[in-house]
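The values are calculated or read from the model by the stated rules, or taken from the named source; none is laboratory data. As the structure is a computational prediction, the values presented were derived from the model and not from experiment. Quick reminder, even Gly has a Cβ in these numbers, built from the backbone with ideal geometry, and neighbours come from all protein chains shown.
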């Protein structure tokens, strides 16, 4: 006999930049944090700083924090959602931006659907979405590729395919790179892409150094821009 | 000699549901609305209700509102951004959710980039993003197709292709339909798709009737769900 009601899995947006205040998040996030002690995220330090920034009066010692990253086995995931089945709500967080967007959190969400646990997503910042809307490319159809393949030949083939899908199909193409390889990727894009192809970079979004550049490859070649270790989302569009 | 500094184009998120309060938007939106009298959007009525809800004390008679929809010619667009070149900031709005995401606003943004006008996007709700993160499908790579093609044969071919791209490439496939055709599309999906294909519907998101259903086509066939005239984003995933 099942008497207990399941908890709710809340998908909580995190800030994109350390300099952002709570004014960058909808106030409902604060209300959820007030009521929840159980969190799942990528790193404990980031979860604690998030809670501290959103609600400084929250007692950190009462937080129960579980980590989710590419190393969790399936059995681990089942343990992570156990509090939900005992009636406790859980907040799922990413280190930056929306959980389950370019992060592994979706596996937790999938398990919840399979067990009839309610999932409530709260909207917030995403560097992918902000780059898309501010790129000047169509947002009526688009593809996000995540991190480009590491293998050089596969990656270059992907870049050529993205150019075609942007120019012929008019699907905006979004992608990322590990920040320490940004300059290398930019160099590669300038070498491989047609000079008329239009490239956008959403750089350090929401920070005081935010910059959104949309220019043809020909124009990019004339600029000197250092993207090393800066969060960037790239887009190719028509 | 150019003495005047250009204004800024702010991309402002709108609410997804009439029942939502300002607590569903980051407080920075209110600050932008406080300082801006020029708006571009899809319908005047919706822009006025947005401003009224965000900042009731704002004097409606002082607002300057320009409309942007699929009927504007290119010359119209240039006129729309003229206040920016005279130094006035403009707020670009969608009728619901993020501007430039599944709406024509991106053309304004593109013109601004071409003229060196700064574009500042503010994050907010998007039914597409909320459906993606709450679907339980991967958000590490995905495609948004907008509205499916009207022609039956083209549309059914697209649906089959989405099934392949979801299952073989593991790119989550997102798409929409005009709300009065939702039931028809759902019926079509249940007929065409493999019974093991997993379909998600993000229904009436952020409203009191919000529902996120992720089930196999076989399970969907056993449910009776009325989506008529309700805002829905669909997703097919692995």
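The table below lists the values:
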{"item": "Number of the condition not met by residue A:47 [criteria: (1) surrounded by fewer than 20 Cβ atoms within 10 Å (Cβ to Cβ); (2) away from every other protein chain (no Cβ under 14 Å); (3) under 24 Å from residue B:131 (Cα atoms)]", "result": "(1)"}
{"item": "Within segment B:1-86, helices (runs of 4 or more DSSP H) holding 1 or more residues that are within 15 Å of residue B:122 (Cβ to Cβ) and at pLDDT 95 or above", "result": "B:28-35, B:44-54"}
{"item": "Residue check, residue B:195 farther than 18 Å from residue A:106 by Cβ and in contact with a strand residue (DSSP E or B) (Cβ under 9 Å, 6 or more places away or on another chain)", "result": "yes"}
{"item": "Filter pass, residue B:140 being closer than 27 Å to residue A:118 by Cα and surrounded by fewer than 24 Cβ atoms within 10 Å (Cβ to Cβ)", "result": "yes"}
{"item": "Among (1) over 25 Å from residue A:92 (Cα atoms); (2) in contact with a helix residue (DSSP H, G or I) (Cβ under 8 Å, 6 or more places away or on another chain) - the single one residue A:165 does not satisfy", "result": "(2)"}
{"item": "Residue check, residue B:91 assigned by TED's automatic domain parsing to the domain that holds residue B:51 and outside any loop (DSSP other than H, G, I, E, B)", "result": "yes"}
{"item": "Residue identified as surrounded by 14 or more Cβ atoms within 10 Å (Cβ to Cβ) and either under 22 Å from the mean Cα position of the chain (by Cα) or more than 13 Å from chain B (Cβ to nearest Cβ) (or both) among A:225, A:153", "result": "A:225"}
{"item": "Scope segment B:19-49; condition over 25 Å from residue A:21 (Cα atoms) and touching a residue at least 12 places away in the same chain (Cβ under 8 Å); matching residues", "result": "B:19, B:37, B:38, B:39, B:40, B:41, B:42, B:43, B:44, B:46, B:47, B:48"}
{"item": "Residue check for residue B:171: touching a residue at least 12 places away in the same chain (Cβ under 8 Å) and under 19 Å from residue A:140 (Cα atoms)", "result": "yes"}
{"item": "Candidates B:109, B:133 - the one that is in a helix (DSSP H, G or I), buried (at least 24 other Cβ atoms within 10 Å of the Cβ) and outside the structural domain of residue B:211 (by TED's automatic domain parsing)", "result": "B:109"}
{"item": "Whichever residue in segment B:1-32 is surrounded by 13 or more Cβ atoms within 10 Å (Cβ to Cβ) and away from chain A (no Cβ under 14 Å) and, among such residues, is farthest from residue A:30 (Cα to Cα)", "result": "B:6"}
{"item": "Complete set of residues in segment A:81-133 that are free of Cβ contacts under 8 Å to residues at least 60 places away in the same chain and at the interface with chain B (Cβ under 7 Å from one of its Cβ atoms)", "result": "A:101, A:106, A:110, A:113, A:129, A:133"}
